[in-house]
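The values are calculated or read from the model by the stated rules, or taken from the named source; none is laboratory data. Please read all numbers here as calculations on a predicted model, not as lab measurements. Glycine gets a Cβ as well: all are built from the backbone with ideal geometry, and neighbour counts include every protein chain shown. Heavy atoms of the whole protein, side chains included, go into the accessibility calculation; ligands, DNA and RNA do not. Shrake-Rupley method; radii C 1.70, N 1.55, O 1.52, S 1.80 Å.
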Amino acid sequence: MSVSGDTVVVGAWDEDSNATGVDGNQGDNSASNAGAAYVFVRSGAAWTQQAYLKASNTEAGDEFGYSVSVSGDTVVVGAMAEDSIANGVNGTETDNSAPSAGAAYVFVRSGATWTSRPTQGVEHGGIR
């Protein structure tokens, strides 16, 4: 979990949805332990869910949401067991030949809308 002002991000690394990106189908439980992150915002004393975040390349066992961080309008979500061999900027995230290599995904908020920045995720210590 991470907090910045009136925004809280909660990682759920064992969540099972096969959705990708922002606000996909939370009810599709066909990707065991794919993971997710939930963004909540506070208005006065009330908290509401603002976004449901998933990797751009969701797969079972990736554990997206194992780590989360929020600062202002930017969220970074770690996927500890993501298998891509991608390295550096714009790597091939569909090549899963590096078991549990890990990755990080960046999401940015404008107003109340979150968008994925998949080309800015960190993977293998580089920028994807």
Open item on the list: Suppose we filter the stretch 94-128 for residues that are closer than 29 Å to VAL3 by Cβ and modelled with pLDDT under 85; how many remain?
Closed with: 12
Task: Count of the stretch 56-93 residues which are among the polar types (S, T, N, Q), modelled with pLDDT under 95 and within 24 Å of VAL8 (Cα to Cα) - done: 3
Open item on the list: List the residue pairs whose Cβ atoms are under 8 Å apart, where the first residue sits in the stretch 84-101 and is under 17 Å from PHE64 (Cα atoms), the second is at pLDDT below 85 and not in a loop (DSSP other than H, G, I, E, B), and the two are 6 or more positions apart or on different chains.
Closed with: SER84/GLU123; ALA86/GLU123; GLU93/PRO118; GLU93/GLU123; ALA101/GLU123
- [ ] Tell me which residues, restricted to the stretch 1-33, are within 10 Å of the chain's Cα centre (by Cα), under 14 Å from ASN57 (Cα atoms) and part of a loop (DSSP other than H, G, I, E, B).
- [x] THR20, GLY21
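Going residue by residue through the stretch 73-81, is there one that turns out to be surrounded by fewer than 17 Cβ atoms within 10 Å (Cβ to Cβ), of a type in the set (Ser, Thr, Tyr) and in a loop (DSSP other than H, G, I, E, B)?
Checked against the condition, which is being surrounded by fewer than 17 Cβ atoms within 10 Å (Cβ to Cβ), of a type in the set (Ser, Thr, Tyr) and in a loop (DSSP other than H, G, I, E, B), the stretch 73-81 yields no hits at all.
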TODO: Report the residue count in the stretch 33-48 for those that are at positive phi and open to solvent by less than 40 Å² (accessible area, probe 1.4 Å).
DONE: 1
- [ ] Pull up the stretch 17-32, narrow it to residues that are crowded, with 16+ Cβ neighbours inside 10 Å and free of Cβ contacts under 8 Å to residues at least 40 places away in the same chain, then point me to the one that is farthest from ALA55 (Cα to Cα).
- [x] ALA31
TODO: For the stretch 57-72, enumerate the residues that are outside any strand (DSSP E or B) and open to solvent by 40 Å² or more (accessible area, probe 1.4 Å).
DONE: GLU59, ALA60
